[in-house]
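Visitor: Shown below is the structure under consideration.
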Ligand code: ATP
């Protein structure tokens, strides 16, 4: 469903990722690991259309989206949960979730479904996002991405710096997401976490 073929991304003249390829099927999961600076965030941003690839192809459901803008890819079902979450801090959790309406596709994820999968998000629904802990914000960012009913969910460093309990709640929710047919590409520095979540692990060098 998602095919990345030999993509290269440069920052100016400096290569960030070279000849990276991967495949994800419907409901599949792939973990990408790598050291600091290996290019994990760059890979996710390139797939989401926030960075341009110099060479190679990115296909979604067989169609080349390599030159589509980020908002077009979002409408087609590529949802990125970026490092740092990027929530609207002055809006409530519920209001943040509603901002996903712009790119919302038909599908199983609505407010009730995301609240059921991530109870911590339901409990905090009327709180300002800026007042939440890092883990609560991460859960909220994932819930917001799901509200778009993505074909593929890109998760950047979900467990970084978070309390184990909330990381556990987030990872426990991944099978339910996949069961709806959504594929997950997650990047992790924590190799144990990555291998627990996914049988397929790819390493960026
Ligand atoms: P981390 O785990 O630290 O986030 P990462 O594997 O996600 O690392 P990237 O953030 O994708 O790695 O960075 C890959 C390479 O590109 C690094 O060498 C980094 O210094 C460089 N890089 C990242 N962002 C930029 C930028 N905006 N301008 C120039 N170089 C950048």
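Visitor: For the range 1-22, name all the residues that are surrounded by 15 or more Cβ atoms within 10 Å (Cβ to Cβ), more than 15 Å from the ligand (Cβ to nearest atom) and at pLDDT 95 or above.
Guide: So the first thing to find is which residues in the range 1-22 are surrounded by 15 or more Cβ atoms within 10 Å (Cβ to Cβ), and the list is 1-5, 7-10, 16-18, 20, 22.
Checking the rest, the ones that are also more than 15 Å from the ligand (Cβ to nearest atom) come to 1-3, 5.
Once the filter is applied, which keeps residues that are surrounded by 15 or more Cβ atoms within 10 Å (Cβ to Cβ), more than 15 Å from the ligand (Cβ to nearest atom) and at pLDDT 95 or above, the range 1-22 yields 2, 3, 5.
Visitor: Take the residues in the range 175-191 that are within 16 Å of the ligand (Cβ to nearest atom) and either part of a helix (DSSP H, G or I) or modelled with pLDDT under 90 (or both); name whichever of them is surrounded by the most Cβ atoms within 10 Å (Cβ to Cβ).
Guide: Here the residue is 188.
Visitor: Would you point out which residue out of 139, 113 is under 19 Å from residue 44 (Cα atoms) and not in a strand (DSSP E or B)?
Guide: From the options 139, 113, the qualifying one is 139.
Visitor: Continuing with the same structure: Restricting to the range 11-22, give me the number of residues that are touching a helix residue (DSSP H, G or I) at 6+ places or on another chain (Cβ under 7 Å) and more than 23 Å from residue 151 (Cβ to Cβ).
Guide: So the answer is 1.
Visitor: Considering only residues that are over 27 Å from residue 105 (Cβ atoms) and within 16 Å of the ligand (Cβ to nearest atom), look in the range 149-174 and name the one that is surrounded by the most Cβ atoms within 10 Å (Cβ to Cβ).
Guide: 159
Visitor: Residue 28 versus (1) surrounded by fewer than 13 Cβ atoms within 10 Å (Cβ to Cβ); (2) closer than 22 Å to residue 191 by Cβ; (3) in contact with a strand residue (DSSP E or B) (Cβ under 9 Å, 6 or more places away or on another chain): which is the lone unmet condition?
Guide: (1)
Visitor: Sticking with this structure for a sec: Please go through the range 23-55 and pick out each residue that is in a loop (DSSP other than H, G, I, E, B), more than 13 Å from the ligand (Cβ to nearest atom) and in contact with a helix residue (DSSP H, G or I) (Cβ under 7 Å, 6 or more places away or on another chain).
Guide: Passing the criteria: 27, 49, 53.
The values are calculated or read from the model by the stated rules, or taken from the named source; none is laboratory data. Computed from a predicted model, the values in this text were never measured in an experiment. Neighbour counts are summed over all protein chains in view; Cβ atoms, including those assigned to glycine, are modelled from backbone coordinates with ideal geometry.
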